[in-house]
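A.B. asks: Have a look at this one.
The values are calculated or read from the model by the stated rules, or taken from the named source; none is laboratory data. Note that this is a predicted model, so its numbers are computed, not measured. Don't worry about glycine lacking a Cβ; one is built from the backbone with ideal geometry, like all the others, and counts go over all protein chains shown.
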Amino acid sequence: HRERLAKQDLHAWRVPDGVRQVEWVFHADILNAGSTCVEDDLFYVNPVNCFMYDLDRQDLGAEVALADLTLDPTSASGWALAVAMPWEERDGVPTMHARDVQHLMDSPWMASPKLWHNSYREQDLDVHIWVHDTLPRDPARFVADHVAFTRAQLSCFGTFPTDEYHFLYLFPDRDVRHGVEHEDSTVIALGPAERVRSDEGYMEILGIASHELYHAWNVKRIRPAEWTPYDFTGPCPSELGYVAEGVTTYMGDLFLFEAGIVDLQGWSGLMTKLLERHVNNPGRLNLSVAASSYDTWLDGYKMGVRGRKGSIYVEGAVLAFLCDTRIMERTEGKASLSTAMRLLWERYGQPRTGLTADMYWDVLAEVAGERLDDLRRDHAEGTVDTWEPLVHAMATQGLTLSKHVDDGGVTRVNLGPVS
């Protein structure tokens, strides 16, 4: 006898007393970095969008048994499993173990007969790279570049939050660009295939990968108080998107430079693209990046109505650059935003203390030796134009910044070394 569950609200169903098993159907045909998708050669799951859990038992551990999956990674056509969760084969059934609901929901996996795997060790961290289907043109370089930016980021923070980290790559032959961070892993989707194999696409992959690895510290541990712990039952708006995504966007590209993957010209090209997105968005002058961050819960991180709001990624990264150069200028190069982020990691990230805006700006002031209240007032919580501060900030780094409007009415940015 089966009975249908009554829906209690938008997120919950009421299970009658005495019921010990619940079955449900999930339509798994969307492929991006945050979805669940089942195809003939791919079993890809993000538990957060297709699993149920008991609201009263969130601290209990969980097991996930893949009963219909037979693994044989030694065979060229055999299936392999990519996941950061601990797992074992129990009577031939792959069985994963989660500490609690938070761990389960934050642990995606993919299984396929078309998984390419490589790994490396940096300090005490074991890193695994899993690629489904399409490989970049030069796999050896792909791994070497991962080693380089991993090493650079580890040198910044000193320690990594876990013993193991997994990059899960999906490179389908369809148009997609997406990356999602998790505590012990990331899923990155980019396509179509020819994009992955192009020089521009390759650098795009590395940029996303560096960004997502940085999230292992910033967002997954250095975490806004509103997301500590994450509440899956409803919206969790926060004004700190400019820290969560803005700092990460800026640092992700900066560490490609620090790692030697791009030179100064390459970094300048990345910054030019960022600044052109910034100056061509009138929304930054209408709604602050802090207020725009709060509103991301209304529109799923999309820009929505043109000119209404800023982007936590773009405007947040510009603000991070202004903070970084201010700290370097005031300390004569002895400290930077990276210094502050390491302190935030040690003070708030490691003990899992939720971060507030005051905590963030207090640490930046501590590192800089003075308050950065003007940057917070004007460019985090206000809508003052950033152009003049940007010109000055670039000059402190030996760079010149100018702009012009092209024939199509688009503002173009020119960034280069002082001649």
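A.B. asks: How about the range 205-252: which of its residues are in contact with a strand residue (DSSP E or B) (Cβ under 9 Å, 6 or more places away or on another chain) and either assigned to a loop (DSSP other than H, G, I, E, B) or modelled with pLDDT under 95 (or both)?
C.D. replies: Of everything in the range 205-252, those that are in contact with a strand residue (DSSP E or B) (Cβ under 9 Å, 6 or more places away or on another chain) and either assigned to a loop (DSSP other than H, G, I, E, B) or modelled with pLDDT under 95 (or both) turn out to be A216, V219, K220, R223, T228, C236, S238, E239, L240.
A.B. asks: Has the range 86-99 got any residue that is closer than 30 Å to M203 by Cβ, within 24 Å of the chain's Cα centre (by Cα) and without any contact (Cβ under 8 Å) to a residue 24 or more places away in the chain?
C.D. replies: To start, the set of residues in the range 86-99 that are closer than 30 Å to M203 by Cβ comprises none.
So far as the range 86-99 goes, no, none of its residues is closer than 30 Å to M203 by Cβ, within 24 Å of the chain's Cα centre (by Cα) and without any contact (Cβ under 8 Å) to a residue 24 or more places away in the chain.
A.B. asks: Within the bounds of the range 154-171, is there any residue that is small (G, A, S) and either assigned by TED's automatic domain parsing to the domain that holds D324 or touching a helix residue (DSSP H, G or I) at 6+ places or on another chain (Cβ under 8 Å) (or both)? Reasoning before the result, please.
C.D. replies: Just the residues of the range 154-171 that are small (G, A, S), to begin with: 155, 158.
Now drop any that are not either assigned by TED's automatic domain parsing to the domain that holds D324 or touching a helix residue (DSSP H, G or I) at 6+ places or on another chain (Cβ under 8 Å) (or both), which leaves 158.
The answer is yes, given that some residue of the range 154-171 is small (G, A, S) and either assigned by TED's automatic domain parsing to the domain that holds D324 or touching a helix residue (DSSP H, G or I) at 6+ places or on another chain (Cβ under 8 Å) (or both).
A.B. asks: Restricting to the range 297-332, name every residue that is at pLDDT below 90 and surrounded by 15 or more Cβ atoms within 10 Å (Cβ to Cβ).
C.D. replies: Going residue by residue through the range 297-332, those that are at pLDDT below 90 are 297-307.
The answer is M303, G304.
For every residue, the table says whether it meets (1) in a helix (DSSP H, G or I); (2) within 20 Å of E204 (Cβ to Cβ).
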{"residue": "L135", "(1), (2)": "no, yes"}
{"residue": "T150", "(1), (2)": "yes, yes"}
{"residue": "T159", "(1), (2)": "no, no"}
{"residue": "Y165", "(1), (2)": "no, no"}
{"residue": "L168", "(1), (2)": "no, yes"}
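A.B. asks: What residue, among those in the range 11-38 that are in contact (Cβ under 8 Å) with a residue 40 or more places away in the chain and farther than 30 Å from G191 by Cβ, is surrounded by the most Cβ atoms within 10 Å (Cβ to Cβ)?
C.D. replies: Kept after step one, since they are in contact (Cβ under 8 Å) with a residue 40 or more places away in the chain, are these residues of the range 11-38: 11-12, 31-34.
Adding the requirement that they be farther than 30 Å from G191 by Cβ leaves 11-12.
On the way: H11: 10, A12: 12.
So, considering only residues that are in contact (Cβ under 8 Å) with a residue 40 or more places away in the chain and farther than 30 Å from G191 by Cβ, the one surrounded by the most Cβ atoms within 10 Å (Cβ to Cβ) is A12.
A.B. asks: While we're here: Does the range 152-160 contain any residue that is closer than 24 Å to G191 by Cα and either surrounded by 16 or more Cβ atoms within 10 Å (Cβ to Cβ) or among the acidic types (D, E) (or both)? It would help to see each step written out before you state the result.
C.D. replies: Of all residues in the range 152-160, those closer than 24 Å to G191 by Cα come to none.
No, the range 152-160 has no match at all.
A.B. asks: Here's something else I'd like to know. Of the residues T228, T331, T296, T249, which single one is within 18 Å of the chain's Cα centre (by Cα), farther than 27 Å from L206 by Cβ and hydroxyl-bearing (S, T, Y)? Even if it seems obvious, please write down each step before you answer.
C.D. replies: On the way: T331 fails: within 18 Å of the chain's Cα centre (by Cα); T296 fails: farther than 27 Å from L206 by Cβ; T249 fails: farther than 27 Å from L206 by Cβ.
Matching residue, one of T228, T331, T296, T249: T228.
A.B. asks: Right, another one. Only one of these is surrounded by 19 or more Cβ atoms within 10 Å (Cβ to Cβ), among the aliphatic types (A, V, I, L, M) and in the same structural domain as W79 (by TED's automatic domain parsing): V143, V180. Name it. So that I can check it myself, show each step before the final result.
C.D. replies: On the way: V143 fails: surrounded by 19 or more Cβ atoms within 10 Å (Cβ to Cβ).
Checking each option against the conditions leaves just V180.
A.B. asks: Can you run down the residue pairs with Cβ atoms below 7 Å, 6 or more apart or on separate chains, where the first is in the range 251-264 and more than 17 Å from P417 (Cβ to Cβ) and the partner is in a loop (DSSP other than H, G, I, E, B) and not aromatic (F, W, Y)?
C.D. replies: As it stands, the answer is L256/V262, since those pairs meet every condition given.
A.B. asks: Is there a residue in the range 340-352 that is without any contact (Cβ under 8 Å) to a residue 40 or more places away in the chain, buried (at least 21 other Cβ atoms within 10 Å of the Cβ) and more than 28 Å from G307 (Cβ to Cβ)?
C.D. replies: Scanning the range 340-352, I find at least one residue that is without any contact (Cβ under 8 Å) to a residue 40 or more places away in the chain, buried (at least 21 other Cβ atoms within 10 Å of the Cβ) and more than 28 Å from G307 (Cβ to Cβ), so the answer is yes.
A.B. asks: Do we have D59 as among the acidic types (D, E), in a loop (DSSP other than H, G, I, E, B), closer than 25 Å to Y165 by Cα and not assigned by TED's automatic domain parsing to the domain that holds D231 here? First the steps, then the outcome.
C.D. replies: Values: among the acidic types (D, E): yes; in a loop (DSSP other than H, G, I, E, B): yes; closer than 25 Å to Y165 by Cα: yes; not assigned by TED's automatic domain parsing to the domain that holds D231: yes.
Yes, satisfied.
A.B. asks: If you take just the helices (runs of 4 or more DSSP H) that sit entirely in the range 289-361, which of them hold at least 1 residues that are among the hydrophobic types (A, V, I, L, M, F, W, C) and farther than 25 Å from T396 by Cβ?
C.D. replies: Details: elements: 289-294, 296-299, 314-330, 337-344.
By residue number, 289-294, 296-299.
A.B. asks: Select, from S238, S210, S185, S198, the only residue that is over 17 Å from the mean Cα position of the chain (by Cα) and either crowded, with 24+ Cβ neighbours inside 10 Å or polar (S, T, N, Q) (or both). First the steps, then the outcome.
C.D. replies: Values: S238 fails: over 17 Å from the mean Cα position of the chain (by Cα); S210 fails: over 17 Å from the mean Cα position of the chain (by Cα); S185 fails: over 17 Å from the mean Cα position of the chain (by Cα).
From the options S238, S210, S185, S198, the qualifying one is S198.
A.B. asks: Also: Please tell me if R174 is in the same structural domain as L81 (by TED's automatic domain parsing), over 22 Å from M105 (Cβ atoms), assigned to a loop (DSSP other than H, G, I, E, B) and touching a residue at least 60 places away in the same chain (Cβ under 8 Å).
C.D. replies: yes
A.B. asks: Which residue pairs have Cβ atoms closer than 9 Å, lie 6 or more positions apart in sequence or on different chains, and pair a first residue in the range 391-419 that is free of Cβ contacts under 8 Å to residues at least 60 places away in the same chain and loosely packed, with under 13 Cβ neighbours inside 10 Å with a second residue that is in a loop (DSSP other than H, G, I, E, B) and among the hydrophobic types (A, V, I, L, M, F, W, C)?
C.D. replies: G398/V418
A.B. asks: Can you say whether E204 is outside the structural domain of Y250 (by TED's automatic domain parsing), without any contact (Cβ under 8 Å) to a residue 40 or more places away in the chain and closer than 23 Å to G241 by Cα, as far as the supplied structure shows? Give the derivation first.
C.D. replies: Details: outside the structural domain of Y250 (by TED's automatic domain parsing): yes; without any contact (Cβ under 8 Å) to a residue 40 or more places away in the chain: yes; closer than 23 Å to G241 by Cα: yes.
Yes; evaluated as a whole, the condition is true for this residue.
A.B. asks: For V391, which of the numbered conditions (1) closer than 18 Å to E276 by Cα; (2) outside any helix (DSSP H, G or I); (3) more than 27 Å from the chain's Cα centre (by Cα) fails to hold?
C.D. replies: All conditions pass for V391, except number (2).
A.B. asks: For the range 358-390, how many residues are farther than 20 Å from Y348 by Cβ, of a type in the set (V, I, T) and free of Cβ contacts under 8 Å to residues at least 24 places away in the same chain?
C.D. replies: 1
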